[in-house]
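Encoded as structure tokens, the structure appears first; notes follow it.
None of the figures in this text is laboratory data; all of them are computed from the coordinates on show. What you see is a predicted model, and the numbers here were worked out from it, not measured in a lab. Virtual Cβ from ideal backbone geometry, glycine too; neighbours counted across all protein chains shown.
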Amino acid sequence: MAAKLKKGDKVVVLTGKDKGKQGEISAVFPKENKAVVDGVNIAIRHQRQTQTSQGGRVAKAMPIDLSNLALLDKNGKATRVGFRVEDGKKVRFAKTTGDVI
């Protein structure tokens, strides 16, 4: 199955503690059906000090389920993603505007 959301997409969170927040996908885990979004689902992780980095409490973006994310269209609104064939290539498009992503 083709991926509806990919790395670099601008998304908005639909549910949960970060509802309404927007960000860019930095990593996708298709087998787990999750993605890491910059600035969303932040957790504090304790990191041990090494010779190269200072230890302490580090804020880290944790994975969030893909079903809780929606792509942002050119108008800045949440949209669903569809697929269609244009010029022999399969492309993603925004369902609200019909524009190719």
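If you scan region 7-24, which residues turn out to be within 21 Å of ALA94 (Cα to Cα) and touching a residue at least 24 places away in the same chain (Cβ under 8 Å)? Selection gives ASP9, LYS10, VAL11, VAL12, VAL13, LEU14, THR15, GLN22.
Of the candidates GLY88, GLY39, GLY23, the single residue that is small (Gly, Ala, Ser) and out of contact with any strand residue (DSSP E or B) (no Cβ under 9 Å at 6 or more places or on another chain) is GLY88. A single entry from SER67, SER53 fulfils the requirement of being more than 24 Å from LYS17 (Cα to Cα) and either among the polar types (S, T, N, Q) or touching a residue at least 40 places away in the same chain (Cβ under 8 Å) (or both): SER53.
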